[in-house]
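First the structure, which I've put down as structure tokens, then a few questions once you've had a look.
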Amino acid sequence: MPSEPKGYSILGVTHLSPEHMNQYAKQVNPNAANLGSFYSAIGEYYGIRGDIAFAQAMHETNFLRFTGDVKPGQNNFAGIGATGNGAAGASFSTQEEGVLAHIQHLYAYASTQPLPPKYPLADPRFSLVKRGSAKLWQELNGKWAVPGTNYAESILNIYKNMVRFSEQKLEAVLKDVEGS
């Protein structure tokens, strides 16, 4: 019987709250936009780990400081179409549309199922992805970012730091409750 691949699945449940995602981003960049609710809700709809996708957005945008080819007004939190050498990539009219495109792009990699019908296709590169070719975050290495040898590891390190940050916040709340 073949063993299951080891790693973090792209498909799955979002564990971190939107508030914890936003607070984590703001500890690095106090001017970071509040995107946690979009990643949580849209991720849940598509069955994508919205919290890890949020960590990917933090990696791609340098914590929403946009220090690479993509600029803030593009609402492109995943670097979709930004292929280097000044290629700015895709632009989206709203933050929510940018998050939607990001989640749809992950869905293209992680699933062979058709897109669910609630939202229109926002990802301009959806049809260019080999469907189902990356079910794990680690399988994005060399696909999402080229050569991308440590791409997923960078995202997962941010995610693990977000989890630790959230644990500290929750422990502080617990101490408050116990001290009352």
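Got the relative contact order for the chain handy, in percent, Cα pairs under 8 Å and 6 or more residues apart?
21
Name all residues of the range 80-100 having a backbone nitrogen under 19 Å from the label point set 7 Å from the Cα of ASN62 along its Cα→Cβ direction, giving them as ranges.
80-90
If a/c stays under 1.5 just call it rounded; otherwise compare a/b with b/c (prolate if a/b is bigger, oblate if not). Do that for the range 67-122, with a ≥ b ≥ c from the square roots of the Cα gyration tensor eigenvalues.
It is oblate, given that a/c is not under 1.5 and a/b is not larger than b/c.
OK, next. Which value, in Å², gives the accessible area per residue of the chain when a 1.4 Å probe is used on the protein heavy atoms?
52
Measure nothing fancy, just the Cα-based angle from helix 50-61's long axis to the longest principal axis of the chain, in degrees from 0 to 90, nearest 10.
70
Can you show me the helix-derived [θ] at 222 nm for the chain, built from DSSP H runs with n ≥ 4 at -39,500 (n - 2.57) apiece and divided by the number of residues, rounded to the nearest 500.
Counting only the DSSP helices, I get -14500 deg cm²/dmol.
May I pose another question? With axes computed from alpha carbons, what is the tilt in degrees of helix 151-179 against the longest principal axis of the chain, rounded to the nearest 10 within 0 to 90?
For 151-179 against the chain, the angle is about 20 degrees.
Any chance you could look up the accessible area of ARG125 with a 1.4 Å probe, heavy atoms only, rounded to 10 Å²?
Here the accessible area works out near 90 Å².
Here's another thing I want to ask about it. Measure nothing but the geometry: give the 0 to 90° angle between the long axis through the Cα atoms of 95-110 and the longest principal axis through the Cα atoms of the chain, rounded to 10°.
It works out to around 70 degrees.
A further question on this structure: How large is the accessible surface of HIS15 in square angstrom, using a 1.4 angstrom probe and rounding to the nearest 10?
Approximately 130 Å² of HIS15 is accessible to the 1.4 Å probe.
Extension gain SER93-TYR8, at 0.36 nm per residue separation less the Cα-Cα distance, in nm?
So the extension gain works out to 27.5 nm.
Something else: Roughly how much of THR149 is accessible, in Å² to the nearest 10, using a 1.4 Å probe?
About 100 Å², rounded to the nearest 10.
Another question, then. Please report the carbon-and-sulfur percent of the accessible area for the range 39-118; probe 1.4 Å, protein heavy atoms only, DNA, RNA and ligands left out.
Of the solvent-accessible surface of the range 39-118, carbon and sulfur hold 48 percent.
What FRET efficiency do you get for THR112 and HIS15 if R0 is 30 Å and r is their Cβ-Cβ distance, rounded to the nearest 0.05?
Taking R0 as 30 Å, the efficiency between THR112 and HIS15 is 0.75.
Binning at 10 Å from 0, report for the chain what percent of all alpha-carbon pair distances ends up in each bin.
10, 38, 36, 11, 4, 0
Okay, next question. For LYS175, which lysines qualify as cross-link partners when the Cα separation must be under 27 Å and same-chain residues fewer than eight apart are set aside?
LYS26, LYS160
Taking the chain as a Gaussian network, where each spring joins two C-alpha atoms under 10 Å apart, which residue of GLY73, GLY86, GLY43 fluctuates the most?
In the Gaussian network model the winner is GLY86.
Per 0.36 nm of contour for each residue apart, how much would the distance between THR149 and LEU170 grow if the chain were fully extended, relative to their Cα-Cα spacing?
Roughly 4.2 nm would be gained on extension.
The values are calculated or read from the model by the stated rules, or taken from the named source; none is laboratory data. Everything quoted here is computed from the prediction, not taken from an experiment. Virtual Cβ from ideal backbone geometry, glycine too; neighbours counted across all protein chains shown. The area values use the complete protein model at the heavy-atom level, side chains included, leaving out ligands, DNA and RNA. Shrake-Rupley method; radii C 1.70, N 1.55, O 1.52, S 1.80 Å.
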